[in-house]
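Shown next, in structure tokens, is the structure this report addresses.
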Amino acid sequence: MGRILEGVAIALRAIWGSKLRSFMSVLGNIVAVTSIIAVVSLIQGLNATVTEAIVSDVGADSFVVDRYGITRSEEDAEKARSNPRITMQDAEAIRRYSPLVRSVMAESGSNGQVSYKEKLLESVTIRGVSAEYVNFSSYNAERGRLISPSEVDRNRNVALLGWGTADRLFGERNALDQIIKIQGIHYRVIGVNEKKGAIFGQSQDEFAVIPLGSFQKIFGSRRSIQLNVKPIDPSVVDQAMDDATIALRIERRLKPKQKDNFGMFTSESILAIYRQATAGIFAVLIGVVALSLVVGGIVIMNIMLMVVTERTFEIGLRKALGAKRRDIMLQVLAESVTLSVAGGIVGTSLGFLLALAIAKLSPLPAAVQLWSVMLGIGITAFVGLVFGVYPAMRAARLDPIEALRKE
């Protein structure tokens with residue numbers, strides 16, 4: 001251990017003594033580790049944000065039935081366009097034929113105008129929901145209350161506003177019991193949803209929720225709806241999806257050889273596609289980082305060969321005084337690893353700052369992970385070790401007499 005620490009101290013003195021050369025030596029490592037930290041931080045931030053958004057929208061313990069489902073190719077998308085729209089009869093069929101289903105919520109949406117006195121908001125998302133929406137966690141009133149099932153069933157003109165919509169319409173004023181207009185029709189505000197924030201700069205709080213029947217009066221009843229289905233227990237989601245599939249095939253009188261003409265997915269289905277996409281980014285990152293590390297490692301090896309040449313007399317003197325081959329190798333390797341890790345630490349700091357800057361200046365979120373920091377420094381230590389072996393062996397094989405003559 002004492003020899004290793006001595007080698008580290010010598011390396012630190014050498015780095016400090018020739019800062020520019022040291023910086024140029026580890027530039028490849030700095031670039032590689034900066035890439036690792038910045039990209040991993042952004043991907044981890046994206047993962048957390050996207051997962052939260054998808055689970056919040058779909059629900060971790062439920063699944064969605066819609067007209068199109070998840071399409072993986074243009075051909076699939078073209079076929080899905082011929083699917084008939086999802087109707088309330090489909091929802092009733094799932095309730096009737098699916099014993100593992102606890103609740104079925106019908107929902108539809110469209111952009112529309114929301115106004116209060118002189119204030120007019122364009123392109124606000126208007127959502128119509130069935131009475132079962134209270135059984136799902138999509139909405140949670142921060143002020144006031146949710147629309148009750150009886151109000152939904154009676155198509156009362158009441159609305160639950162998203163936090164952003166309420167803020168833009170009323171500012172500091174109390175939004176509750178105020179009369180607003182949605183597409184020119186009066187609605188009473190009975191609640192304001194909790195703040196959800198933004199994803200990729202897109203606000204999740206610009207919406208108004210009204211009863212589904214009322215929504216269909218405004219936007220038409222032939223619009224396809226989406227069904228959110230909650231099973232009796234999260235552990236039976238797959239079985240409940242099978243039940244719902246059978247129920248819809250019965251309702252739509254599909255023959256055994258006919259394919260499903262509806263889509264069905266869970267939050268995990270969407271997340272699997274997302275993870276597949278980010279895995280590709282990771283693969284590209286690994287290639288770029290590996291190339292940078294190889295270049296950085298070759299530069300470090302050249303620098304260490306130069307160091308060995310400069311210290312030939314010193315090495316010869318140490319060997320003449322009794323130092324063994326392994327002592328010389330250990331010293332050179334310690335210097336090589338220290339030099340490489342120094343680049344890794346600088347790269348980690350730059351990557352961290354770069355991720356924060358991107359998160360600050362763009363809608364992309366960032367989350368620095370401890371494992372990525374440890375990975376970055378660990379890789380640079382490995383590179384320093386591998387590319388320091390040859391200079392270390394060359395130094396260890398020096399003949400002390402020949403080395404002393406160099407002076």
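The values are calculated or read from the model by the stated rules, or taken from the named source; none is laboratory data. Not measured: the values here are computed from a predicted model. Glycine gets a Cβ as well: all are built from the backbone with ideal geometry, and neighbour counts include every protein chain shown. Please note that ligands, DNA and RNA were not included when accessible areas were found on the heavy atoms of the full protein model with its side chains. Shrake-Rupley method; radii C 1.70, N 1.55, O 1.52, S 1.80 Å.
Give the Rg (one decimal place) followed by the Dmax (whole number) of the range 98-221, computed from C-alpha coordinates and expressed in Å.
Calculated on Cα positions, Rg and Dmax stand at 13.9, 50 Å.
Sort the following peptides by mean Cβ neighbour count (other Cβ atoms within 10 Å, averaged over residues), highest first: 270-277, 250-257.
Taking the mean over residues of other Cβ atoms within 10 Å, the ranking is 270-277, 250-257.
Given the Cα-Cα distance of Asn174 and Ala320 and 0.36 nm per residue of separation, how much length would full extension add, in nm? Each step should come with its number before you reach the end.
On the way: separation 146, 0.36 × 146 = 52.56 nm, distance 8.77 nm.
Residue separation times 0.36 nm, minus the Cα-Cα distance, leaves 43.8 nm.
Calculate for the chain the 222 nm mean residue ellipticity that helices alone would give, adding -39,500 (n - 2.57) per DSSP H run of length 4 or more and normalising by residue count, nearest 500 deg cm²/dmol. Let's see the in-between values first.
Numbers: 15 runs with 230 residues, N = 407.
So the helix-based figure for the chain works out to -18500 deg cm²/dmol.
Hey, any idea what % of the chain's accessible area is carbon plus sulfur with a 1.4 Å probe?
That share works out to 58 percent.
Could you give the nm distance between label points at Arg405 and Ser224, where each point is 7 Å from its Cα heading toward the beta carbon?
8.7 nm
Need the full-extension length gain, Val236 to Leu254, defined as separation in residues times 0.36 nm minus the C-alpha distance. One decimal, nm.
Length gained, Val236 through Leu254: 4.0 nm.
So for the chain: antiparallel DSSP bridges make up what percent, rounded to the nearest 5?
80 percent
So who's got an amide H within less than 5 Å of the one on Ile199, skipping anything under 5 residues away but keeping other chains? H placed 1.01 Å off N, in plane.
HN-HN under 5 Å from Ile199: Gln204.
If you line up the Cα atoms of the range 55-165 on their principal axes, what length do they span on each, largest first, in Å?
If we take the Cα atoms of the range 55-165, the spans are 47, 35, 26 Å.
Given Lys79/Lys230; Lys19/Lys360; Lys79/Lys196; Lys117/Lys360; Lys181/Lys217; Lys79/Lys255, which pairs have Cα atoms separated by over 25 Å?
Correct reply: Lys79/Lys230; Lys19/Lys360; Lys79/Lys196; Lys117/Lys360.
Which Cα, out of Ser98, Ile379, Tyr139, lies furthest along the positive dipole direction of the chain (beta carbon charges, K/R +1, D/E -1)?
Ile379
Translational diffusion coefficient, Stokes-Einstein: compute it for the chain using the Kirkwood radius over C-alpha pairs as Rh, at 4 °C and 1.567 mPa s, and state it as an integer in µm² s⁻¹.
Values: Rh = 26.2 Å.
Approximately 49 µm²/s, per Stokes-Einstein.
Once label points are set 7 Å from the Cα along Cα→Cβ at both Thr278 and Ile298, what is their separation, rounded to one decimal in nm?
With each label point 7 Å from Cα toward Cβ, the separation is 3.4 nm.
Pairs of alpha-carbon atoms within less than 8 angstrom and 6+ residues apart define the contacts here; what relative contact order does the chain have, in percent?
30 percent
Report, to two decimal places, the Cα Rg of the range 250-369 normalised by 2.2 N^0.38 Å (N = number of residues). Walk me through the numbers before you get to the answer.
On the way: Rg = 27.6 Å, N = 120, 2.2 N^0.38 = 13.6 Å.
It is 2.03.
Could you let me know the centre-to-centre spacing of the range 113-173 and the range 242-275, using Cα atoms, in angstrom?
If we compute the Cα centre of each part, the gap is 31 Å.
When N is the residue count of the range 366-407, what does its C-alpha Rg come to as a fraction of 2.2 N^0.38 Å? Write out the running numbers ahead of the final one.
Details: Rg = 18.2 Å, N = 42, 2.2 N^0.38 = 9.1 Å.
This ratio for the range 366-407 stands at 2.00.
Could you check the simple spin-label distance between Met306 and Glu78, using points 7 Å along Cα→Cβ, in nm with one decimal?
Taking the simple label geometry, Met306 and Glu78 are separated by 6.1 nm.
Against the longest alpha carbon principal axis of the chain, how many degrees, from 0 to 90 and to the nearest 10, is the axis of helix 325-361 turned?
Between helix and principal axis, roughly 30 degrees.
Give the calculated FRET efficiency between Asn155 and Lys195 to the nearest 0.05, with a Förster radius of 45 Å applied to their Cβ-Cβ distance.
Given R0 = 45 Å and the Cβ-Cβ separation, E is 0.95.
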